[in-house]
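The values are calculated or read from the model by the stated rules, or taken from the named source; none is laboratory data. These numbers come from a predicted model, not from an experiment. Heads up, the Cβs are rebuilt from the backbone with ideal geometry, glycines too, and the neighbour counts pull from every protein chain shown.
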Amino acid sequence: MQIVMKGVRIGMSLINPFRLLILIGMMSSVPLPGLVYAWGAAGHQTVGAIVDQLLAGSHAEQQVRKLLHTGETLEKVSIWADCAKGYCHAPLSEEMQTFVKENPHRHEYHYTDIPFQKMEYETGAIGTDRNDVVQILRQCINVLRGEDTPPTNPHHFTPRIALLLLAHFVGDVHQPLHVGNAYVNKDDHMTVSRSQKQLDSQEIHSTRGGNYLLMNKSQSLHGWWDTAVVERVMHHAHATTPQELATDLLQAYPDDETGSAYVTDWPIRWAHDALRYAKSAHAHLEVGPRAAAQDTKTRAQHFVWSLTVPATYGEDMKIIGERALVRAAVILQEPTDGGGHNYGL
Ligand SMILES: [Zn+2]
């Protein structure tokens, strides 16, 4: 298929750059300290379902189908990147096994850990990584646009793999805690980490995207954002499936605006949006006291902190979660809509 960037301006009529981001990360219902998951399956599948509905009957849908296998939809493949991590209670496909073999740092693709107090993502700054979600999204977009090739891109992504990853990571980068991270100082106050030295000397600790911040004995702040907020959105919409929620959200947010930045800069803009959400997600939370804990996987020692959360937190954050899901979907559609902008599919 021809993948050519036809323009640099994003269409303003149908899709919003905010919609595509929220699809992917809802794997952990129980917060396991030390693990960083993305939106749970329902969140990612809802983002994919929204895009499937937006693309139905379009030329772009035909182009997307050329990269998908028979029976696949964006809703279904939105969790491919998590399934490749073994989270889907199913054997890894041959394609996933190849991906796993060729991508030893694949677990890092799903997030970045910028201090949530920051306004912007800066490449190379504390919390960023050359394999973080922003960099991987940029690489996927470049491959889909034909500006990079499987042999030359850093991880040898094919256009199909780039689409599968894009469908997931657009969701992840809209989960506020996949971008904005809380760092805690010796006095158990949230602070901004300014150097790697502060982290190495344990003057300041990372909370691993809120995985080390506990709302109660069995629920981390990260886990709450991965699953509980989406459950709340679904309950509010009286939706029982991602398709039903997709339909409801499209009615609630029919004309989100799109941006006009150059498409490969979108991932950075999405990170900036997520940082805004992350500030709200951490506002009015009280941290402490700390307790010693051990990573269930690596056995590494670390701390966890109890949180005091405002009574209205769930309802307040529901609105942010709703918005983030829609934005993720719109963004995902933009790159795939074939409207003369975007990914040129
Ligand atoms: Zn993920």
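Among the numbered conditions (1) more than 18 Å from residue 222 (Cβ to Cβ); (2) touching a strand residue (DSSP E or B) at 6+ places or on another chain (Cβ under 9 Å); (3) in contact (Cβ under 8 Å) with a residue 24 or more places away in the chain, the only one that residue 206 does not meet is (1). Whether a residue is closer than 30 Å to residue 102 by Cα and touching a strand residue (DSSP E or B) at 6+ places or on another chain (Cβ under 7 Å) was assessed, and residue 146 does not pass this test. Selection of the stretch 106-165 for residues being touching a Gly at 6+ places or on another chain (Cβ under 6 Å), of a type in the set (D, E, K, R) and within 26 Å of residue 280 (Cα to Cα) yields only 113. Taking the stretch 64-91 as the range and being surrounded by fewer than 20 Cβ atoms within 10 Å (Cβ to Cβ) and away from the ligand (no atom under 16 Å from the Cβ) as the test, the residues that pass are 65, 66, 68, 69, 70, 71, 72, 73, 89, 90, 91.
When 280, 218, 260 are screened for being of a type in the set (S, T, N, Q), closer than 21 Å to residue 121 by Cβ and modelled with pLDDT under 90, only 260 passes. Residue 180: at pLDDT 95 or above and among the small types (Gly, Ala, Ser), yes or no? In short, yes. When 292, 283, 252 are screened for being over 27 Å from residue 315 (Cα atoms), loosely packed, with under 15 Cβ neighbours inside 10 Å and among the small types (Gly, Ala, Ser), only 292 passes.
Against the definition (in a strand (DSSP E or B), out of contact with any helix residue (DSSP H, G or I) (no Cβ under 7 Å at 6 or more places or on another chain), more than 16 Å from the ligand (Cβ to nearest atom) and at pLDDT 90 or above), how does residue 205 come out, yes or no? Spelling it out, residue 205 is indeed in a strand (DSSP E or B), out of contact with any helix residue (DSSP H, G or I) (no Cβ under 7 Å at 6 or more places or on another chain), more than 16 Å from the ligand (Cβ to nearest atom) and at pLDDT 90 or above. Scanning the stretch 127-163 for residues that are away from the ligand (no atom under 12 Å from the Cβ), assigned to a helix (DSSP H, G or I) and not polar (S, T, N, Q) returns 134, 138, 140, 141, 143, 144, 159, 160, 161, 162, 163. Picking from residues in the stretch 102-112 that are among the charged types (D, E, K, R) and either within 14 Å of the ligand (Cβ to nearest atom) or exposed (fewer than 12 other Cβ atoms within 10 Å of the Cβ) (or both), the one that is farthest from the chain's Cα centre (by Cα) is 106.
For residue 238, indicate whether it is in contact with a helix residue (DSSP H, G or I) (Cβ under 7 Å, 6 or more places away or on another chain), part of a loop (DSSP other than H, G, I, E, B) and either at pLDDT below 95 or surrounded by fewer than 17 Cβ atoms within 10 Å (Cβ to Cβ) (or both). When the stated conditions are applied, residue 238 does not pass them.
Checked against (1) assigned to a loop (DSSP other than H, G, I, E, B); (2) hydrophobic (A, V, I, L, M, F, W, C); (3) within 16 Å of the ligand (Cβ to nearest atom), residue 99 meets all criteria but (1).
So which of 46, 70 is among the hydroxyl-bearing types (Ser, Thr, Tyr) and in contact with a helix residue (DSSP H, G or I) (Cβ under 9 Å, 6 or more places away or on another chain)?
Testing whether each residue is among the hydroxyl-bearing types (Ser, Thr, Tyr) and in contact with a helix residue (DSSP H, G or I) (Cβ under 9 Å, 6 or more places away or on another chain) leaves just 46.
Reported count of residues in the stretch 295-314, each being free of Cβ contacts under 8 Å to residues at least 60 places away in the same chain and either buried (at least 19 other Cβ atoms within 10 Å of the Cβ) or of a type outside the set (A, V, I, L, M) (or both), is 6.
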